[in-house]
Number of protein chains: 4
Amino acid sequence: MGNTTGQLFRVTTFGESHGPAIGCVIDGCPPGIALAAEEFAADLERRATGRTRHTSARRESDAVEILSGVYEGRTTGTPLALLVRNTDARSKDYERIARQFRPGHADYTYWQKYGIRDPRGGGRSSARETTMRVAAAVVAKKWLAERHGVRVRGHLAQIGAIAPAAHDWAAVEENPFFWPDPGQLAELEAYMDALRKSGDSVGARVTVVADGVPPGWGEPVYGKLDAELAAAMMSINAVKGVEIGDGFASVAQRGTEHRDGMGPDGFLSNHAGGILGGISSGQRLVVSVAFKPTSSLRLPGPGLDLDGNAVEVVTTGRHDPCVGIRATPICEAMLALVLIDQALRHRAQCGDVGEVAPRIAAAAPDGDEGHG
Amino acid sequence: MGNTTGQLFRVTTFGESHGPAIGCVIDGCPPGIALAAEEFAADLERRATGRTRHTSARRESDAVEILSGVYEGRTTGTPLALLVRNTDARSKDYERIARQFRPGHADYTYWQKYGIRDPRGGGRSSARETTMRVAAAVVAKKWLAERHGVRVRGHLAQIGAIAPAAHDWAAVEENPFFWPDPGQLAELEAYMDALRKSGDSVGARVTVVADGVPPGWGEPVYGKLDAELAAAMMSINAVKGVEIGDGFASVAQRGTEHRDGMGPDGFLSNHAGGILGGISSGQRLVVSVAFKPTSSLRLPGPGLDLDGNAVEVVTTGRHDPCVGIRATPICEAMLALVLIDQALRHRAQCGDVGEVAPRIAAAAPDGDEGHG
Amino acid sequence: MGNTTGQLFRVTTFGESHGPAIGCVIDGCPPGIALAAEEFAADLERRATGRTRHTSARRESDAVEILSGVYEGRTTGTPLALLVRNTDARSKDYERIARQFRPGHADYTYWQKYGIRDPRGGGRSSARETTMRVAAAVVAKKWLAERHGVRVRGHLAQIGAIAPAAHDWAAVEENPFFWPDPGQLAELEAYMDALRKSGDSVGARVTVVADGVPPGWGEPVYGKLDAELAAAMMSINAVKGVEIGDGFASVAQRGTEHRDGMGPDGFLSNHAGGILGGISSGQRLVVSVAFKPTSSLRLPGPGLDLDGNAVEVVTTGRHDPCVGIRATPICEAMLALVLIDQALRHRAQCGDVGEVAPRIAAAAPDGDEGHG
Amino acid sequence: MGNTTGQLFRVTTFGESHGPAIGCVIDGCPPGIALAAEEFAADLERRATGRTRHTSARRESDAVEILSGVYEGRTTGTPLALLVRNTDARSKDYERIARQFRPGHADYTYWQKYGIRDPRGGGRSSARETTMRVAAAVVAKKWLAERHGVRVRGHLAQIGAIAPAAHDWAAVEENPFFWPDPGQLAELEAYMDALRKSGDSVGARVTVVADGVPPGWGEPVYGKLDAELAAAMMSINAVKGVEIGDGFASVAQRGTEHRDGMGPDGFLSNHAGGILGGISSGQRLVVSVAFKPTSSLRLPGPGLDLDGNAVEVVTTGRHDPCVGIRATPICEAMLALVLIDQALRHRAQCGDVGEVAPRIAAAAPDGDEGHG
């Protein structure tokens, strides 16, 4: 609801793109988790702009200050408050558009909803907000890994019309695109350079997976694990679609093809993407997300001004030609936040249920370690 | 959360497929809405099984009893409780599978989560639950129409590999498939008959739209209108994917192509599907939903029993060869429930904001009245 | 919020005093609890009217039907829906007052809030609603007792100016007043008979306690255990005050007197009432509740009609001369509902925290087994 | 729940007594409210310590930084984040007690709940947290006053055995005790000086009122206005009791005495304290709150150490001899926060209900302007 996600591990974010700071409060965090301010750096760096020529040139240090909830290096169970000061906000880039509604942006809808909007860098609707999702998820990922052995990962699965021809998890973190096929990197670089030169942008697909999720997480019927994953992903800026497992490909499938068989040695396939009836099955969770192309372009587009007059909108600020590129850590973050929340809710309601037999093994993932 | 959907117009459903009854409680309903028990019949009939040979043979009367919240024909603002008795439950059909985990079903995950499950007809995981979503949405649709002129509609947009070649809203309610192209009905009938005869099932795509939604509904950033629509649709049984507007097609689009221009006469296109930054833009809301093929088949599939032994599962109960066929009213219901909830939340927070200029007209929809 | 209490063990009640039925849905109930419809009878009988001449003559059978959430005698973790049909509603008693606002009632405020009200028996504002609180708490009490050894009890602690001179828990359930001093029963009977004859009513104080609550339940800072107990008690019809431990007596106490010392053998006293900083201390929880005198009297009182004219209001329906008498099981119910909810929330967040030393024993309660 | 209060005007606070900062996030704030950082000073000063010898010597500047949610001097409807740096935290005062459980404190219960606690100045359980309640309520009070003409005020109503003999609202803000009887100030000063010298502490009663609340605010049955007020007040540190209107005095009243008559000119009395059936009646809201005496004393008390050994606890930090003295603005704050939340919820559900006749005037309050 509003600016809070999660029912028990509740993350509330605040802050505008060009305001003094962004931050979040995590309420309901389990106590006793070792946590230092330095631990946020790695994931924030993965999400950050300005690290390569393929993302916006804005360069924030994204130094996290822990304001509360940690004592002698461990979480105390009281609210964990994190703060990141904005340092590289250039509001003058946006002065011209303070009186414009840019096509494809939230300018007009914020204006209609609130009767007021902060136009500096998109204000609250900026992807800058996702910094705090990633920060909050650092805590979630750590608890999930330590307590349940859950591993959350992701990769870019399509950019424009280009899809990976091979899948190598090891390659994903070694290129600026989170791309799993190292043989395509030269092609991608050239594609992105041409795109940037053209002034246009392109969409992308991101796939995130979680391995090691035990069966039983998810609350039927409206609090289904897949329902909350769908909301979490769709709440990310620029997302237009979410799939679980085979997703829209299921439309053309037969039941005999889609339903995942089970045998004494485990599941035989994973078309479901690890969720049945809204509850995790113990298989790999597979979520795929569609990002639209960036609307902020230096190529002019038809917009309006506050008086309702037509204007040619040209955006000269610093922007990503493909927002999907930096989106992998954000999608991972939302996956982790949903999982920890559902894990805590499951423990609350079903903590009396002991080990339940038979426990079935996950299907062997495709390829080396497999992909989503 | 759990079995409740909505923050202010809160619908809590209960009941198992083969239990004595299903029902719901609507809390937070606006007072003064004229409401009679008879008004539920039309939409429940649209969702019901047993009306044509293309859906499950189970035939419930689905007579709604209003237990509370209505006085002298009007809602009082106190909880509206609706009850539907189950009358055509044949639990013996399921006795054999009480000790089996069917492939592609929630049997195994409920068992792992709760350590106990009601196997009769799928228990709580049955699509029977969606009856009450449709019932609750009758109230929502009425308020939305009377108070805001919002119209919610939907149609089947794909079944297996067949997609409509034409779009005629008037045709949708005149065939058992909610199919918008009357010229394809013979083909569809033949396709479904062959499918039923084969014992297999197939997936489907449903598109639902809302016209007349004013700009401003939706709560950034986690309570975005599209985020809540995604959750609402994904919470429906068998759904594997959700798209807003162009959805996954956005992945291959350019920014100049996707972003919807604006002019003094209104929006120039609607790739966004009526939502920008999580807030309605005043354009048609367009949501598309992927349904997997039914897993309950008389064709045997590899399953397990409670002892972990392999079993050939054959489902002889009454099932839909394509659950998507009856899903149109369910998707409409979830759309209406999300809209009324967001409308109330918007009124709560932004009730002080008066008319905001400029108000832009929606793009002219495609075709006659246009489709999603 | 609204008609739902609890965050994880969520009880939503519905139904009007003279409508067809009252009921509740319990969502988030732990699975595996043995439960039969017969188990509700004992507590509902304790709360019911019509059992002695000291309460309203309305006589409902209060037979509970379990509509969902139980399979083969055990809760399944899906919504538990309970239904009680109203059978002895005499709406004609209220016809006259359909156009009157009775002094001291919710008639006027419901009218102002909703623009419509169900006047039959007070509609939703009737104490009939509390039937379902007691029913829901039967499940909560059972889980608390079986899982944690928690025992919830209560007694009337004052009626008008009469307070118990002695305390014997064994006596409480053996008289219609839940009165702990068996030596005062004749006095009380006479007092109540005179009161009933006079046509007037009187207030009462109820004290409820919980023994065996482990330390650690309660969520600082707004979800404090005492804060939620205060809300729970104040949500009961006719309640005007709530105290924890020494309550208002604390105002005149010194710090050296109030603060409960601790020693190696445990706490030395329990002025705090078992809660420190919003979290249970492991001592007896002690909550005291003030009930106002019934406003429904056959003695005329100054009221208004719908046209704003003065009317002499005389209430001839069946009413309790002291609502507090039947309130003990209701207060117990709310105590139990708050406890199970906080227990589940504690397990969710702090389930990783093992046994913590030192665990201090509760102070020896006063008297035999002690009172609140 | 947890560290968040409110359903629609949601205030989440964070920060420990001796951590780097305290702060809050207000989500759901109506847009368009004029707001400057300077506006927080007045109420924070009223709550602050160190202004007179009668409160703790800790002296914080309590300078509020607005981190987000305000643009060009007006709230934008996005999260309002407020930050106050701690500057006068002397943690060494507390080093000795890091291994002690002080009697009457939350030390032991936090330890048992979380397995870890921040002992510096009481950590999260410190009354320092209430700074942010007062800050958040500045926004709430402003909206309530401007939009609805609601005025929230309070005064100390008892300290130890001393109660005001007269009531003059004008006097309340002109003495450090928020005391309404200017003739007793010398007596109070002497009493407090003697108390401070003795090293002991004393309890207090605070009464807060709201005038101008329209009829209709409050959500039956669990979200009653009085239920939420009770929770809000009981969530304040050191509170042990809450009364609405006549409160516990109702126990000894007759129905003919308690029920408030109505006439064409309005209500005839206000025993109910402005709430009937959980909904505001349009009369003055009257809430009375009991504060226990401070447990932090330099007089030794029996406590325990982490090894379970008895220790004589002496608290040498800076503390209030009567926490109730500074509590008036905190109680006002909680009253205002509950009111704005209920106002927004009422507008959400009942915004379609127009003016409802007859609207009854409030009873003339006692005295000059009257007191609670």
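Just so it is clear, none of the values below were taken in a lab; they were calculated from the coordinates. Quick caveat: nothing in here was measured; it's all calculated off a predicted structure. All Cβ positions, even for glycine, are placed from backbone atoms using ideal geometry, and neighbour counts span all protein chains on display.
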- Any idea how far the Cα center of the range C:1-40 sits from the one of the range A:1-74, in Å? 39
- So what is the 222 nm mean residue ellipticity for chain A from helices alone, if each DSSP H run of at least 4 adds -39500 (n - 2.57) and you divide by all residues, rounding to the nearest 500 deg cm²/dmol? -7500 deg cm²/dmol
- Roughly how many Å is it from the Cα centre of the range A:312-361 to that of the range C:182-215, as a whole number? 54
- Message: Which of the three applies to the range C:111-257, rounded, prolate or oblate, going by the alpha-carbon gyration tensor with a ≥ b ≥ c and a/c under 1.5 meaning rounded?
- Response: rounded
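When the Kirkwood hydrodynamic radius is evaluated over all pairs of different C-alpha atoms of chain D, what value in angstrom, to one decimal, is obtained?
Working: mean 1/r = 0.0461 Å⁻¹.
Computed over Cα pairs of chain D, the Kirkwood hydrodynamic radius comes out at 21.7 Å.
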- In the range D:144-183, GluC sites (Glu not before Pro) in a DSSP loop with at most 13 other beta-carbon atoms within 10 Å: D:Glu173, D:Glu174
- Quick one: putting +1 on the C-beta of Lys and Arg, -1 on the C-beta of Asp and Glu, what dipole do you get for the range B:4-350 around its Cα centre, in Debye to the nearest 20? 640
- Note on the structure: Mean per-residue count of partner chain Cβ within 10 Å for A:123-129 equals 4
- Message: Using the crude model of +1 on Lys and Arg Cβ and -1 on Asp and Glu Cβ, and no other charge, please compute the dipole size for the protein assembly as shown relative to its Cα centre, in debye to 20.
- Response: 0
- From the label point of B:Thr316, set 7 Å along Cα to the beta carbon, how far off in nm is each other copy's matching point, shortest first? 6.5, 7.7, 8.5
- Query: For labels at C:Ala145 and B:Ala194 in the simple 7 Å Cα→Cβ model, what's the distance in nm?
  - Reply: 6.4
- Taking a quarter of the surface of the Cα convex hull of the range D:1-100, what do you get in nm²? 8.0
- Message: Per-residue Cβ counts within 10 Å, from other chains only, averaged over A:266-278: what number is that?
- Response: 5
- With chain C treated as a Gaussian network of Cα nodes joined by springs under 10 Å, which of C:Gly123, C:Gly218, C:Gly324 yields the largest mean-square fluctuation? C:Gly123
- Item | Global geometry of the range C:240-372, whether rounded, prolate or oblate, following the gyration tensor of its Cα atoms and the 1.5 cut on a/c | prolate
- Task: Please identify, among D:Ala357, D:Ala48, D:Ala161, the residue showing maximal mean-square fluctuation in a Gaussian network model of chain D using a 10 angstrom Cα cutoff.
- Result: D:Ala357
- Message: Below 8 Å, C-alpha to C-alpha, sequence gap of six or more: please give me the relative contact order for chain C in percent.
- Response: 21
- For C:Arg51 and D:Asp307, extending 7 Å from Cα along the Cα-Cβ vector and measuring point to point gives, in nm, a value of 5.4
- Low-density loop trypsin sites (Lys or Arg not before Pro), the range B:148-208, at most 11 other Cβ within 10 Å, DSSP non-H/G/I/E/B, are none
- Would you work out which of D:Ala190, D:Val286, D:Gly121 lies farthest towards the positive end of the dipole of the range D:4-350, given +1 charges on the beta-carbon of Lys and Arg and -1 on that of Asp and Glu, about the Cα centre? D:Gly121
- Taking the Cα-to-Cβ direction at C:Glu174 and at B:Leu299 and moving 7 Å from each Cα, how far apart do the two end points lie in nm? 7.3
- Message: Checking understanding here: applying a Kyte-Doolittle mean of at least 0.0 and a length along the axis of at least 18 Å (C-alpha), which whole DSSP H helices in chain A pass?
- Response: A:130-148, A:327-350
- Query: Residue farthest toward the positive end of the dipole of chain D, with Cβ of Lys/Arg at +1 and Asp/Glu at -1: which of D:Val172, D:Ala230, D:Thr5?
  - Reply: D:Thr5
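Give me D:Trp111, B:Trp217 sorted ascending by neighbouring Cβ count inside 10 Å, so fewest comes first.
On the way: D:Trp111 20, B:Trp217 32.
Final ranking by Cβ density, sparse to dense: D:Trp111, B:Trp217.
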- Note on the structure: Per principal axis, largest first, the Cα atoms of the protein assembly as shown extend in Å by 85, 66, 63
- Item | Residue with peak Gaussian network fluctuation, chain A [Cα springs, cutoff 10 Å], from A:Leu44, A:Leu229, A:Leu344 | A:Leu344
- Task: Between the label point of A:Arg99 and that of the same position in each other copy, find the distances and list them shortest first in nm, with every label point placed 7 Å from Cα along the Cα-to-C-beta direction.
- Result: 6.2, 7.0, 8.0
- Item | Percentage relative contact order, the range B:89-192, counting C-alpha pairs under 8 Å, at least six apart | 14
- Taking every residue in D:24-33, how many Cβ atoms of other protein chains lie within 10 Å of its Cβ, on average? 6
